[in-house]
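One structure is given below, encoded as structure tokens.
Read the figures in this text as sums done on the coordinates, not as results from a lab. This is a predicted model, so every value here is computed, not measured. FYI the Cβ positions are ideal-geometry reconstructions off the backbone, even for glycines, and counts take in every protein chain you see.
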Amino acid sequence: MNELSVETKTYQNILNLVWEYLTIKDVKINFENQLEKLETIIPDVNDL
């Protein structure tokens, strides 16, 4: 898999977890962990 594909899957997974949190009662999601994953794939603004 290329890097873009991995990032896309990570974004999709995080988004799915957010929807799960919003739609399923009493679901437990570690948002700190998800934020760490998201921060690793956010592009650096200095590179743009």
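When the alpha carbon gyration tensor of the chain is reduced to an equivalent ellipsoid, the three semi-axes, largest first, read 24, 12, 8 Å. Within 10 Å of each candidate Cβ there may be at most 13 other Cβ atoms; applying that plus a DSSP loop requirement, which trypsin sites (Lys or Arg not before Pro) in the chain survive? Taking the chain and a limit of 13 other Cβ atoms within 10 Å, the loop trypsin sites (Lys or Arg not before Pro) found are Lys25, Lys28. Rounded to whole numbers, the Karplus 3J(HN,Hα) couplings from phi for the range 24-35 are 10, 5, 6, 6, 10, 10, 7, 6, 5, 5, 5, 5 Hz, using 6.51 cos²θ - 1.76 cosθ + 1.60 with θ = phi - 60°, and x at Gly and Pro.
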